[in-house]
Amino acid sequence: MREIDCDVAVIGAGTAGIAAHRAALADGARSVLIEQGPGGTTCARVGCMPSKLLIHAAEVAHTARNADAFGLRVADVRVDGPAVLKRLRRLRDDFVASVFEGLDDLPAESRLMGRAVFEGPETLRIDDHTRLRFKAAVIATGSSPSVPEPLRGLGERVLTTDTVFEIEDLPDSLAVLGAGPVGLELAQAMARLGVRVSVFDPGDSLGGLRDPDLTGAAREIFSSAFDLHLGTEIEAGEPDGEGVRLSWKGGSGPFDRVLSAAGRPPNVHGLGLEATGATLDERGSPAFDSRSQRCEDTRLFIAGDANADRPILHEASRQGRIAGRNAARLAAGEGVERPERWVMLAMVFSQPQIASVGGGFDPEAGYRVGRADFCDQGRARVMDRAQGGLRLYAEPGGRLVGAEMIGPEVEHLAHLVAHAVQDGLDAKTFRDRPFYHPTLEEALDTALADLIERDG
């Protein structure tokens, strides 16, 4: 077994790991990037990009079917499932390839392949071929989809976000477990592509919404697209021909396939973290500072999906940069930095879209609320997409702290609100900005005016 010394060891070559490795190298550290495979980042392989490819195909089909609303006659819209999925995989593979191409400029000697396991607080073993001694390490091992206990052992009948894009054709029927962002996106896309979809979730919300008004609107909107079973937990699953029969309290039914979208726990088991001296919780995850990414007083940092804090690409990339730079500083005997966190920004690319800023609705905080609805908003009506609403939250005195929204193209409105919250703007200052007519952004002006009036 060969022996190697380095300043920084980065475990995992996903979004956070690549960012950490580049940051450490840029800071002058001898950094080694360790990848077990398959690489290409979760976003490009099984997350953001393939899901958006499916969603957009579904949106095109839905738009064509509903063109009558504009006086346009589109006859015989047929979905070619194999062709949809073939295009998805082809473009997905292009995105993955671009990630690998982006690694080509890294020094070959700074990359290792294999599974890394901690032997101690400053030592890693990579498979049986390399022992790596480090001065600081970044854990960026990502996450993997979970499958509920009643469905384990059903094999390929149960799909996950890692396997759903590999199917050769669309199923006739699909049960989606989980009404969070991923489950909601894929459920609606499949339904619009002609799949009979049922969604199950033990909670009472959709897409992460918490505002009671918007949650109610979401239920009404999405229950018209597929069968919605909120407050319902799957109790059992068994083979039924080539498919699955699911049972839940008060009902049961057959499905061709099941999609488990019930979360992605961090990949921390089997890393040997118990040998590092880090404090581990009941799930085996190390305690860490969410600003520096450092695992308490150890020489370890953790970033991206591996820390399960904010499993979103832009956060993973920033966390990776912070962790990599701080690991390099620690290796050089310097103190770590603790930059302020970005305001939380989360989105669901359903139609209508869902977005949350700054943690969204908080019934205990006593925030002022500014309201706007898209149901009678001019631009939304022009688009025949007049659904949903917008809620802005502010402290007494007017400083903006967050928002929740469901409506057409709210990804753009959410960015504007996030920047306003990040910059510490109050409602009056934010409203003193141009809002062009007729745009969806005018809903912000409406909500800000309502907030200012309520705040006196």
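Some observations on this one:
- Rounded to the nearest whole Hz, the Karplus-based 3J(HN,Hα) values (6.51 cos²θ - 1.76 cosθ + 1.60, θ = phi - 60°) of the stretch 290-296 follow the sequence 6, 9, 8, 6, 7, 7, 6, with x at glycine and proline.
- The stretch 172-322: C-alpha pair distances exceeding 27 Å, %: 41 percent
- Among residues other than residue 243 with Cβ under 15 Å from its Cβ, the summed charge is -3 (Lys and Arg +1, Asp and Glu -1).
- Beta bridges by DSSP in the stretch 90-240, antiparallel share as percent, to the nearest 5: 45 percent
- Here's the picture: charge each Lys and Arg Cβ at +1 and each Asp and Glu Cβ at -1 in the chain, and of 446, 8, 248 the one pushed furthest to the positive end of that dipole is 8.
- Overall Cα dimensions of the stretch 149-260, principal axis frame, Å, largest first: 42, 29, 22
- Among beta bridges that DSSP assigns inside the chain, antiparallel share in %, nearest 5: 55 percent
- Within the chain, longest stretch free of exposed trypsin sites (Lys or Arg not before Pro) [DSSP loop, at most 13 other beta carbons within 10 Å]: 284-456
- Estimated purely from DSSP H runs of n ≥ 4, each contributing -39500 (n - 2.57), the mean residue ellipticity at 222 nm for the chain is -9500 deg cm²/dmol once divided by its residues.
- 3J(HN,Hα) from dihedral phi, the stretch 114-124, Karplus parametrisation 6.51/-1.76/1.60, rounded to Hz, x for glycine, proline: x, 8, 9, 9, 6, 9, x, x, 9, 9, 10
- Helices of the chain meeting both criteria, an alpha-carbon length of 30 angstrom or more along the long axis and an average Kyte-Doolittle score not below -1.0, with helices taken as full DSSP H segments, are 81-102.
- The convex hull drawn around the Cα atoms of the chain, when projected onto a plane and averaged over every direction, covers 24.3 nm².
- In sequence order, calculated HN-Hα J values of the stretch 243-257 (Karplus, 6.51, -1.76, 1.60; Hz; x Gly/Pro): x, 9, 10, 9, 10, 9, 4, x, x, 7, x, x, 9, 5, 9
- Charge context of residue 112, other residues only, Cβ under 12 angstrom, K/R +1, D/E -1: +2
- Taking amide H as placed 1.01 Å from N in the peptide plane, residue 228 has its amide H under 5 Å from the amide H of 199, each at least 5 places away in sequence or on another chain.
- Net charge, residue 12 excluded, C-beta distance under 10 Å - Lys, Arg +1, Asp, Glu -1: -2
- Here the dipole of the stretch 345-455 is about 80 debye; that uses its Cα centre as origin and unit charges on the Cβ of Lys and Arg (positive) and Asp and Glu (negative).
- Label point distance in nm, residue 423-residue 106, each placed 7 Å from Cα along Cα→Cβ: 3.6 nm
- Gain upon complete extension [residue 283, residue 247; 0.36 nm per residue less C-alpha separation]: 10.1 nm
- A simple spin-label model places the labels of residue 167 and residue 395 4.8 nm from each other, with each point 7 Å out along Cα-to-Cβ.
- Proximal lysines to residue 428, defined as alpha-carbon separation beneath 16 angstrom and excluding residues fewer than eight positions away on the same chain: none
- log₁₀ of I(q)/I(0) at q = 0.12, 0.21, 0.26, 0.28 Å⁻¹ - the stretch 231-288, Debye sum with one point per alpha carbon: -0.53, -0.79, -1.04, -1.15
- Take the chain and mark each of the chymotrypsin sites (Phe, Trp or Tyr not before Pro) that is in a DSSP loop with at most 16 other Cβ atoms within 10 Å; the longest unmarked stretch, sites excluded, is 1-341.
Computed from the coordinates by the stated procedures, all read-outs in this text should not be read as laboratory data. Quick caveat, the model's predicted, so the values are computed rather than measured. Every residue, glycine as well, gets a Cβ built from its backbone with ideal geometry; the counts of neighbours run over all protein chains shown.
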